[in-house]
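In what follows, a single structure is set out as structure tokens and then discussed.
The values are calculated or read from the model by the stated rules, or taken from the named source; none is laboratory data. Keep in mind that what you see is a predicted model, and the values were worked out from it rather than measured. Every residue, glycine as well, gets a Cβ built from its backbone with ideal geometry; the counts of neighbours run over all protein chains shown.
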Amino acid sequence: MARRIKPLIAGNWKMNGLRASKGEVTKLARKLARGGKPACDVLICPPATIVGLLKETAKGSPVAIGGQDCHAAASGAHTGDVSAEMLKDLGARYVIVGHSERRADHGETDKLVRAKAETAHRAGLTAIVCVGETEAERDEGAALKVIRRQLKGSLPDGIAARTTVVAYEPVWAIGTGRTPTTEDVAKVHKEIRKQLVKRFGDEGEKVRILYGGSVKPSNAAELLAVENVNGALVGGASLKADDFYGIVAASA
């Protein structure tokens, strides 16, 4: 029998959200309270500017707060960067590392992503390590090869399932409204699980693997029902409490 893993529904707000956005978190917390204890863990990753504010806003609710990125160093002459320790100090519990937009826009390598995951662990945060192929890589039939390379290079040695999450986001599906078929998702997630177990043994069996890429209330249930899909990393649909709650409810 397959191991039951509690899902994680994580919202990545990207470069969206001001102080007034706390109203959406308040609304989400109220909807969760009315709906009873969620069947999943719920996470919002806002811009660093409002991590502390949203942590206070979500206090007493099931909503955890995380960061979208961190520097690999704890401190130093890194103007404009935010360390994992700073996020932890604000009340964050998670941090996303290696998102495709960071890899593409900032040239982040697997080696750097691994260093960021290590610093997240050092600070006491759970690292959500992102992997995913581009459309060109997919069309070349290289998707699984790319995923294997990213997993090997981006994940630290000796990871623990309680402090590490893997998120698969096909780059061509992010923000486009396009999603792979459930068969495609199942194939990639099966390969990710295989690689995790091969390298980390029993811990690899327990690591949550999230799917991300145009997840919305209308397709969430279908995607979350796929084997080895243990939650979702949600972009645009996480900005509105009603939409995000619909995805959370689909995890039941």
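Structure notes:
- The single condition from (1) basic (Lys, Arg); (2) surrounded by fewer than 17 Cβ atoms within 10 Å (Cβ to Cβ); (3) in contact with a helix residue (DSSP H, G or I) (Cβ under 6 Å, 6 or more places away or on another chain) that Arg114 fails is (2).
- Within region 197-225, if we keep just the residues that are over 18 Å from the mean Cα position of the chain (by Cα) and among the hydrophobic types (A, V, I, L, M, F, W, C), the residue that is farthest from Arg4 (Cα to Cα) turns out to be Phe200.
- The condition (being of a type in the set (Asp, Glu), over 20 Å from Phe244 (Cα atoms) and surrounded by 16 or more Cβ atoms within 10 Å (Cβ to Cβ)) is satisfied by just one residue among Glu183, Glu169, Glu203: Glu203.
- Among the candidates Arg102, Arg122, residue that is under 21 Å from Pro156 (Cα atoms), in a helix (DSSP H, G or I) and over 16 Å from the mean Cα position of the chain (by Cα): Arg122
- All helices (runs of 4 or more DSSP H) inside region 147-252 with 3 or more residues being at pLDDT 95 or above, in contact with a helix residue (DSSP H, G or I) (Cβ under 9 Å, 6 or more places away or on another chain) and more than 19 Å from Cys45 (Cα to Cα): 182-200, 202-206, 217-224
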